[in-house]
């Protein structure tokens with residue numbers, strides 16, 4: 001004993017012992033204070049027993065395919081039974097091989113880390129963190145303390161981990177962990193990661209794919225397979241070796257996987273990217289509104305970012321993909337032709353009046369002007385380059401652009417809107433609101449109103465037939481000046497028409513003859529035509545002027561689509577809709593939504609059949625005949641092209657028995673139209689979107705119920721009333737006594 005006392009009196013023993021005891025006492029005190037909650041409240045057993053994590057709202061298409069999410073953290077929870085065994089094995093072999101033996105804190109691993117890693121600097125010792133400790137960190141995060149932050153956070157995690165282990169089974173802990181652990185690209189939970197990186201549910205992951213995702217847990221960004229396939233494969237192989245080491249797989253399996261090249265099927269659910277971003281944005285708006293009137297059983301409101309709702313929509317993901325491919329193919333080529341047609345005198349060039357006016361309308365220009373800067377100073381400020389990600393059909397990339405450069409760049413782009421619906425219900429099947437949601441947020445399906453051009457003419461002719469005018473009524477094509485409308489003289493585009501020729505209504509509509517459309521409007525009356533449009537669901541104020549016949553009214557694309565649906569839906573218009581039902585995360589329905597179909601017929605079945613036959617002629621021999629000749633579509637199709645004044649808007653409406661599609665193309669700046677009618681007419685600018693889309697549908701047997709459907713046979717009365725020559729010529733005496741006066745008072749009422 002005396003010898004021991006003497007030993008402790010020696011400085012080289014005494015002070016280290018004092019330091020050691022002090023350190024132990026300090027750590028014990030720090031642990032105790034942490035346990036008592038001095039450094040923040042620790043989760044109680046009650047808190048842990050009712051764990052709830054924010055869960056993403058899932059958006060499904062009509063075939064239950066995931067097309068998007070609304071989230072703060074991209075997370076989709078699964079049950080333990082949903083995890084493939086090789087995923088569990090890969091996780092345990094790599095992250096916590098003694099998982100089933102410890103109570104949340106693996107003391108043996110901690111000692112190994114202390115001696116090997118800290119004392120011997122052997123990095124192969126690992127980190128000593130268990131799956132349960134990592135779960136505690138994932139669930140509750142870490143706080144920033146001024147001193148001893150690492151120790152305090154570690155103590156909090158170890159206390160929480162032991163409490164978790166006292167409440168939950170090992171299976172429950174693995175389930176919580178795999179549903180909350182962060183993967184690359186701001187993705188939380190194995191299901192979201194599997195969908196994002198491999199486009200499949202977690203229960204379908206192969207061993208190689210599971211090992212790849214488990215491997216990313218060591219360093220999300222560094223081992224992100226999207227960023228570096230090579231690093232990801234190397235890390236995957238480390239996971240595979242760990243599985244081999246602990247007898248989860250054999251040597252043959254390990255070698256086969258390590259020789260296998262990693263193949264990603266990456267699907268971003270970023271709000272601005274992926275399939276149908278405009279549709280998902282519209283669904284989100286509607287969902288928020290609908291949830292204002294729906295409460296949880298406890299009376300609380302639903303949260304689309306936290307409550308894991310499942311939104312069932314009308315969209316068909318495959319059809320949407322075909323529509324987007326058709327849009328990309330057509331608009332890329334059309335944009336090229338559009339820019340070439342203007343050459344060096346393009347309206348988006350800085351010297352043009354349109355550019356200068358657009359620049360002055362920019363909010364940044366107005367702010368600089370209000371700050372008192374001179375025009376030269378403003379121009380100088382707007383000429384300074386900065387890094388901007390610039391949209392391009394070929395290669396979107398970051399460039400050095402000034403505000404003026406950026407304006408010139410974006411002024412030149414054509415934009416588009418495209419909508420396809422089931423005409424019997426209004427269920428939206430495809431939805432394209434613009435060319436790229438990242439750069440063009442304005443939605444041309446739900447938000448935009450543009451002049452509809454000749455797509456309004458069928459409404460004029462519908463009014464005429466409904467009032468008793470016969471399809472074989474003839475009108476001459478000569479232009480007339482309407483004196484009480486500023487001597488307005490509507491003319492026909494294209495070549496001069498023989499003034500001695502008269503067309504029946506079928507020829508006039510199928511060839512989109514402006515002069516006759518206005519004459520028919522004059523005979524049936526503006527008020528009657530507007531009333532007819534209202535019956536078809538177009539309830540906005542329409543201009544009460546003869547130019548209404550030529551489509552000067554600005555109408556929303558979605559509204560126009562619903563109106564046209566009446567021609568293949570027993571004369572009843574529909575309201576296009578997106579959401580069929582909403583369920584909670586357990587699959588319990590909290591709301592369902594029925595189609596909104598007009599209760600009343602907008603016109604008689606006779607009128608409907610006549611107009612349908614007339615619009616078939618538009619496809620077979622009229623302004624849309626290139627569907628037959630150029631695109632070789634043999635489907636049952638009716639439709640109407642449309643082009644507005646100065647070629648500002650191009651339209652096409654395609655009617656098939658089970659699908660109605662409307663397409664629009666134009667520049668967002670209404671001062672910039674197409675350079676030529678040949679380029680800007682609806683048959684050239686908008687029709688190819690429908691044509692290319694339908695070609696893709698025809699090549700997919702999955703859609704034969706749509707593509708092979710046929711129109712019903714018209715009644716004998718309709719066929720009889722349409723049985724006349726499309727045109728006829730005035731006889732000698734009619735030509736002899738025809739008045740040379742072309743001025744006329746418009747009597748529209």
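Okay, here's what the table says:
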read-out: Only one of 492, 484 that is in contact with a helix residue (DSSP H, G or I) (Cβ under 6 Å, 6 or more places away or on another chain), part of a loop (DSSP other than H, G, I, E, B) and either buried (at least 23 other Cβ atoms within 10 Å of the Cβ) or at pLDDT below 95 (or both); value: 492
read-out: Failed item in (1) within 32 Å of the chain's Cα centre (by Cα); (2) assigned to a helix (DSSP H, G or I); (3) touching a residue at least 24 places away in the same chain (Cβ under 8 Å), with residue 285 passing the rest; value: (3)
read-out: Residue check for residue 670: part of a loop (DSSP other than H, G, I, E, B), within 26 Å of the chain's Cα centre (by Cα), farther than 22 Å from residue 569 by Cβ and assigned by TED's automatic domain parsing to the domain that holds residue 687; value: yes
read-out: Tally of residues being farther than 16 Å from residue 213 by Cβ and touching a helix residue (DSSP H, G or I) at 6+ places or on another chain (Cβ under 7 Å) across region 249-267; value: 4
read-out: Elements of type helices (runs of 4 or more DSSP H) contained in region 680-749, each with 1 or more residues being modelled with pLDDT of 95 or more, surrounded by 17 or more Cβ atoms within 10 Å (Cβ to Cβ) and assigned by TED's automatic domain parsing to the domain that holds residue 616; value: 682-685, 687-698, 704-707, 716-721
read-out: Members of region 379-403 that are outside any loop (DSSP other than H, G, I, E, B) and farther than 27 Å from residue 434 by Cα; value: 379, 380, 381
read-out: Residues of region 295-350 classified as within 30 Å of residue 671 (Cα to Cα) and either free of Cβ contacts under 8 Å to residues at least 12 places away in the same chain or in the same structural domain as residue 703 (by TED's automatic domain parsing) (or both), total; value: 6
read-out: Selected residue [within 31 Å of the chain's Cα centre (by Cα) and either without any contact (Cβ under 8 Å) to a residue 24 or more places away in the chain or not in a loop (DSSP other than H, G, I, E, B) (or both)] from 211, 194, 256; value: 194
read-out: Where residue 545 falls short, out of the listed (1) touching a residue at least 12 places away in the same chain (Cβ under 8 Å); (2) under 26 Å from residue 443 (Cβ atoms); (3) more than 21 Å from the chain's Cα centre (by Cα); value: (2)
read-out: Given (1) surrounded by 13 or more Cβ atoms within 10 Å (Cβ to Cβ); (2) assigned to a helix (DSSP H, G or I), index of the condition residue 376 fails; value: (1)
read-out: Qualifying residues in region 637-671 (those that are surrounded by fewer than 21 Cβ atoms within 10 Å (Cβ to Cβ) and in contact with a strand residue (DSSP E or B) (Cβ under 9 Å, 6 or more places away or on another chain)) - the one farthest from residue 361 (Cα to Cα); value: 645
read-out: Tally, over region 547-557, of residues that are touching a strand residue (DSSP E or B) at 6+ places or on another chain (Cβ under 6 Å) and over 20 Å from residue 681 (Cβ atoms); value: 1
read-out: Scope region 161-191; condition without any contact (Cβ under 8 Å) to a residue 60 or more places away in the chain, surrounded by fewer than 21 Cβ atoms within 10 Å (Cβ to Cβ) and in a helix (DSSP H, G or I); matching residues; value: 162
read-out: Top-ranked residue of region 187-212 - restricted to ones that are farther than 13 Å from residue 78 by Cβ and touching a strand residue (DSSP E or B) at 6+ places or on another chain (Cβ under 6 Å), ranked as modelled with the highest pLDDT; value: 196
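The values are calculated or read from the model by the stated rules, or taken from the named source; none is laboratory data. These figures come from a predicted structure and were not determined experimentally. Neighbour counts run over all protein chains shown; Cβ positions are idealised from the backbone, glycine included.
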